[in-house]
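The structure appears below as C-alpha cells.
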Amino acid sequence: IGFTSKDEILTAAVAVDNDIACTPYDIGQQIEYIETLFGDGKHISEIRLIHEQMHGLKGDLLTLNSTASVTSIIGHINLVLVAQYPETALERWNSVRDEMNDILNTIQKNFRFPKNMHAIAIDDSKIQRKLLSKFFDFMGLGSEQCTVLGDGADEIKGFEDFVVKFMSNHPGDYVFMVVDENLDVVDESSGTDESISGSVCVENIRRRLPYELERRLFALVRSANDSTSDIAIYNNRAHGFLPKAPIRREKVTETLAPLWLKRFPPAQFGDSVAYDNADESESTTSEELACSAQDITHKLVEMDARFNTDNRTENWRWMHDQLHELKGDILTMASDASMISVLGMINLLLGYKDSVLITEKWPKLRDRIYSITNEERTASGTVQAGGGRWTKVRHTLKAKSSFVESSASAKLKRRASLLTNSNQRATTERNSALTNSIKTTTATERRSSELSNSIRSTTTTEVRSSALSNSVFDLSSP
C-alpha cells in the first residue's frame with residue numbers, strides 16, 4: 001500500500017476500523033500472561049507456545065488505540081521470535097516487557113476521563129461524603145459534574161429514582177457511580193431505623209434502566225466489608241468494588257483507568273477516553289485522600305452523645321449501624337499507627353446482639369481510638385496548635401465515659417431487678433402449687449385412712465356374723 005514505517009501501519013489500522021482497536025488494559029493482561037509463561041520455563045520446554053503469544057502481542061500492538069510509537073517494541077518482538085537459545089529469548093523478552101510497561105505507564109499518565117461524564121456518589125457518613133467529593137476532584141472532574149448524596153433518609157430512599165431520572169435526562173453521557181454498601185436510614189418521625197444495601201440499589205437501578213442507558217453506567221460498590229464472598233456479591237450486582245482505604249491523588253486514575261477501559265472499551269465507545277500529552281515540567285502536588293485524626297475525634301464525640309441520649313440505644317441493630325460507619329471512617333484514616341486492634345474490637349462489638357453489653361464495652365473502644373488519634377495529632381503538631389480545644393475534647397470524653405458506664409450499670413441493675421422479681425414470682429407460684437399439692441395429698445391420705453377403717457370395720461362385722469352363723473349351726477345339729 002506504500003507504508004514507509006510500522007507507525008504508519010498502526011495509524012492506518014486504527015483509522016480504517018476502530019472496532020478492532022485494542023486497549024492498554026488488554027495489552028497489560030497479555031504481557032502478564034506471557035511473563036507467567038517465561039516464569040514457568042515454557043521458553044525451554046514449549047517455545048512454540050511462546051512464539052504464538054508473541055505473534056498475538058504484535059497484532060494487539062498494531063491495533064492499540066493510542067498514538068504511542070510501537071516500532072521499537074515490534075522490532076524487539078521479532079528478535080525474540082528468531083532467538084536460538086532459551087537464555088537469549090528470555091533476555092530479549094525482558095527488553096520487550098520493560099519497554100512496553102513504560103509505554104503503558106505513559107498512556108495511563110495521559111489518560112483523561114471524557115468531558116461528557118458525570119459522577120454520582122452516596123454515603124450516609126458525613127466524613128465519607130467529604131472524601132468522595134475530594135475523590136472526584138482527584139479524577140479531574142468539576143463540581144458541576146458531581147453529585148454526592150446520603151444526607152438523610154429522603155436522599156437515601158430516593159437514590160434509585162434519582163439515578164434513573166438523571167440518566168434519562170443525560171442519554172448521551174457517561175455516569176460513574178460510587179455507592180456505599182451499608183446505608184443506614186433513620187425515620188425521625190417514628191424513631192425507627194433500617195439498613196439499605198447499596199449494591200442492591202445498584203442492581204435495581206441497572207434493571208430499571210433501558211439497555212442503551214445501562215451500558216453507559218459504571219457503578220462501583222464501596223465498603224469496609226471486603227471478604228472474598230462480599231466482593232463476589234458486589235461484582236455480581238455492580239461493575240466492581242472500591243475499598244475504603246486512603247489513596248493518593250496520582251493513584252486515583254491509575255486505579256480507575258483499567259476498570260474504566262474494561263467497562264467502556266474504545267472499540268465500542270469511541271468517545272469514552274481522552275488522551276492528553278502530559279507536560280513533564282508540570283508538577284502535581286501529591287495529596288492523599290484520607291480521613292484525619294481530627295475527623296475521627298469529632299466522630300467519637302458525636303457517637304458518645306448518641307449513645308448517651310438517643311432512646312434507640314435499646315436497639316442493638318441501630319448501634320451496629322453506628323459501629324459500621326465508624327469502621328468505614330477508620331479504614332480511610334491516614335495513620336502510621338496500627339488500627340488492627342481497634343478494628344478487632346469493633347468486630348467484637350458487632351458480634352453482640354445486646355445493647356447493654358455494647359454500651360458497657362463502648363467506653364473502652366472509644367478511649368483506645370482516642371489514644372491512637374491523640375498520638376497522631378501529637379506527632380503532627382496538631383495538639384500544640386490547638387491544645388486547649390483537644391484538652392476540652394479529652395475532658396468531655398472522660399465525663400461522658402463515667403456517664404456511659406453509669407448508664408450501662410443502671411441498665412444492668414434494672415435487668416437484674418427484673419430478673420429477681422421474675423424469679424421471686426416463679427418461686428411463689430411454685431411454693432403455692434406445692435402447698436396445694438400437699439393439701440391435696442393430705443386430704444387423699446385422710447380419705448384413704450377412713451376407707452381403710454371402714455373396710456376393717458366391715459371385715460370385723462363379717463367375722464362376727466360368720467361366728468354367729470357357726471354357733472347357730474352347732475346348736476341346730478342333732
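List of remarks:
- Contacts under 7 angstrom Cβ, first residue in the stretch 98-125 being more than 17 Å from Val70 (Cβ to Cβ) and in contact (Cβ under 8 Å) with a residue 12 or more places away in the chain, partner open to solvent by less than 60 Å² (accessible area, probe 1.4 Å) and polar (S, T, N, Q), 6 or more apart: Phe111/Thr253; Pro114/Ser272; Met117/Gln145; His118/Gln145; Ala119/Gln145; Ile120/Thr147
- Annotation: of all residues in the stretch 93-128 being assigned to a helix (DSSP H, G or I) and hydroxyl-bearing (Ser, Thr, Tyr), the one that is nearest to Gly150 (Cα to Cα) is Thr106.
- Output for the stretch 320-338, where each listed residue is open to solvent by less than 40 Å² (accessible area, probe 1.4 Å) and either touching a strand residue (DSSP E or B) at 6+ places or on another chain (Cβ under 7 Å) or farther than 12 Å from Ile369 by Cα (or both): His320, Asp321, Gln322, Leu323, Glu325, Gly328, Asp329, Thr332, Met333
- Of the residues making up the stretch 316-367, those that are farther than 25 Å from Leu289 by Cβ, at pLDDT 80 or above, among the charged types (D, E, K, R) and assigned to a helix (DSSP H, G or I) are Glu360, Lys361, Lys364, Arg366, Asp367.
- Per-region count, the stretch 63-96, residues open to solvent by 50 Å² or more (accessible area, probe 1.4 Å) and touching a residue at least 24 places away in the same chain (Cβ under 8 Å): 5
- Screening the candidates Glu8, Glu52 for the property of being at pLDDT 90 or above, under 30 Å from Phe264 (Cβ atoms), out of contact with any strand residue (DSSP E or B) (no Cβ under 6 Å at 6 or more places or on another chain) and open to solvent by 40 Å² or more (accessible area, probe 1.4 Å) yields one hit, Glu52.
- Residue within the stretch 135-146 that is without any contact (Cβ under 8 Å) to a residue 60 or more places away in the chain, buried (at least 20 other Cβ atoms within 10 Å of the Cβ) and within 23 Å of the chain's Cα centre (by Cα) present: yes
- Only one of the listed residues (Glu254, Glu250, Glu212) is acidic (Asp, Glu), open to solvent by 50 Å² or more (accessible area, probe 1.4 Å) and either touching a helix residue (DSSP H, G or I) at 6+ places or on another chain (Cβ under 7 Å) or within 21 Å of Leu343 (Cα to Cα) (or both). That residue is Glu254.
- Test: residue in the stretch 161-178 that is surrounded by 15 or more Cβ atoms within 10 Å (Cβ to Cβ), touching a strand residue (DSSP E or B) at 6+ places or on another chain (Cβ under 8 Å), among the hydroxyl-bearing types (Ser, Thr, Tyr) and over 26 Å from Cys291 (Cβ atoms): yes
The values are calculated or read from the model by the stated rules, or taken from the named source; none is laboratory data. Keep in mind the model is a prediction, meaning the values are calculated, not measured. Positions of Cβ are generated from backbone atoms using ideal geometry, with glycine treated the same way; all protein chains shown enter the neighbour counts. Just the protein is used for accessible areas: all its heavy atoms, side chains included, with ligands, DNA and RNA removed. Shrake-Rupley method; radii C 1.70, N 1.55, O 1.52, S 1.80 Å.
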